[in-house]
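See structure below.
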Amino acid sequence: MLRYLYADQLHRHPLLARQMFRDRADQFKTRLGWAVEVDSNGEERDCYDAMNPLYVIWENVDGSHGGSMRFLPTTGPVMVNDHFGHLIQGPVRSPLIWECTRFCLKRRAGAHVAAALMLGGGEIMQGFGVKHFVGVFDARMVRIYRMIGSSPEVLGSSGTGRDQISVGLWDFSPEAQSQVAARAGVTPEQSRFWFDQAMGGLRHHPGAKTA
């Protein structure tokens, strides 16, 4: 199932949160060799995790972490402006554009997990009135985005081949939702139920403390 949790709600699901940060360390540090910080508990976190972002997490049937991603509005500090501004013309700042980062899949996660996470992103767009997501991605993600039917508009890139890094802009049309839902094996009705259940009719932006 899809869970929607703000950073200050992660303590309610300690095992899921711990596995998410450890899987991030495994993906970004161990497998990809990125220059990320991993703490003594084997968890990967950065300064943006301290800004109360909204996480979308795929929780497996056994309660374990299958995949996740993180969202923050571009009206505040975001990675694309702070670290990858040289790839685009001017900063991205709009209440209608949120940044998506730390797209993480647990080792041997099925293709349905990636699609489910994208489906969750679409729910955020609809639920919060967001028009686009912006994010930085590497060359390996191009195939994954194409496979699940959610390829971005590329705003700028650097490097070539497997070392290419790009900034992308996503929207989410009804047609894309249907395609992604089919890939995820989740009906649009079930997806909306998970989102509404998590939000409880309350909408607020990441960065704000929850009750």
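Just for segment 2-201, what percent of DSSP beta bridges are antiparallel, to the closest 5? Show your work: numbers first, answer last.
Values: 29 of 32 bridges.
Taking every DSSP beta bridge within segment 2-201, about 90 percent pair in antiparallel fashion.
Please sort 31-42, 147-158, 128-139 by packing, taking for each peptide the average over its residues of neighbouring beta carbons within 10 angstrom, highest first. Kindly include the intermediate steps, with their values, before the conclusion.
On the way: 31-42: 10.7, 147-158: 16.3, 128-139: 18.9.
So the order, starting with the most tightly packed, is 128-139, 147-158, 31-42.
I need the shape label for segment 2-201. Rule: rounded when a/c is under 1.5, else prolate if a/b > b/c, else oblate, with a, b, c from the alpha carbon gyration tensor. Provide the component values of the computation, followed by the final result.
Values: a/c = 1.29, a/b = 1.09, b/c = 1.18.
Verdict is rounded for segment 2-201.
Sorted by average packing, counted as other Cβ atoms within 10 angstrom per residue and highest first, what order do 188-198, 16-26, 54-64 take? List each step's numbers first, then the result.
Numbers: 188-198: 15.8, 16-26: 20.6, 54-64: 18.0.
The packing order, highest mean first, is 16-26, 54-64, 188-198.
Rank these residues by their accessible area, most exposed first, probe 1.4 Å: Cys47, Cys100.
Values: Cys47 75, Cys100 25 Å².
So the residues, ranked largest to smallest area, are Cys47, Cys100.
Roughly how big is the chain's charge dipole about its Cα centre, with Cβ charges of +1 (Lys, Arg) and -1 (Asp, Glu), in debye to the nearest 20? Write down the numbers at each step before the final one.
On the way: 23 positive and 21 negative charges, 62 e Å.
Using only the charged Cβ atoms, the result is roughly 300 debye.
Taking 0.36 nm per residue of sequence separation and subtracting the Cα-Cα distance, how much length would be gained by fully extending the chain between Met147 and Leu96, in nm to one decimal? Display every interim value, and only then the final one.
Values: separation 51, 0.36 × 51 = 18.36 nm, distance 2.63 nm.
Once the chain is fully extended between Met147 and Leu96, it gains 15.7 nm.
Determine the dipole magnitude for segment 1-118: charges of +1 sit on the beta-carbon of Lys and Arg, -1 on that of Asp and Glu, nothing else is charged, the reference point is the Cα centre, and the result goes in debye to the nearest 20. Present the calculation step by step, with values, prior to reporting the outcome.
Values: 14 positive and 13 negative charges, 60 e Å.
Dipole size: approximately 280 debye.
Counting only protein heavy atoms, what percent of the accessible surface of the chain is carbon or sulfur at a 1.4 Å probe? Each step should come with its number before you reach the end.
Working: 5310 of 10110 Å².
Carbon and sulfur: 53 percent of the exposed surface of the chain.
Return the Cα extents of segment 22-96 along principal axes one, two and three, sorted largest first, each rounded to a whole Å.
Largest first, segment 22-96 extends 42, 26, 19 Å along its Cα principal axes.
How much length is gained if the chain between Trp34 and His86 is pulled fully straight, taking 0.36 nm per residue apart and subtracting their Cα-Cα distance, in nm to one decimal? Mind dumping the intermediate values first?
On the way: separation 52, 0.36 × 52 = 18.72 nm, distance 1.88 nm.
Roughly 16.8 nm would be gained on extension.
At 1.4 Å probe radius, can you tell me the per residue accessible area of segment 30-95 in Å²? Don't skip to the end; give the middle numbers.
Details: 3210 Å² over 66 residues.
On a per-residue basis, segment 30-95 sits at 49 Å².
Ordering Thr30, Thr187 from largest to smallest accessible area (1.4 angstrom probe), what's the sequence? It would help to have the intermediate numbers written out before the result.
Details: Thr30 95, Thr187 75 Å².
Ranked from most to least accessible, the order is Thr30, Thr187.
The values are calculated or read from the model by the stated rules, or taken from the named source; none is laboratory data. The structure presented is a predicted model; accordingly, all values stated were derived computationally and were not measured. No Cβ is skipped: glycine too gets one built from the backbone with ideal geometry, and neighbour counts run over all protein chains shown. Keep in mind that these areas ignore ligands, DNA and RNA; they rest on the heavy atoms of the full protein, side chains included. Shrake-Rupley method; radii C 1.70, N 1.55, O 1.52, S 1.80 Å.
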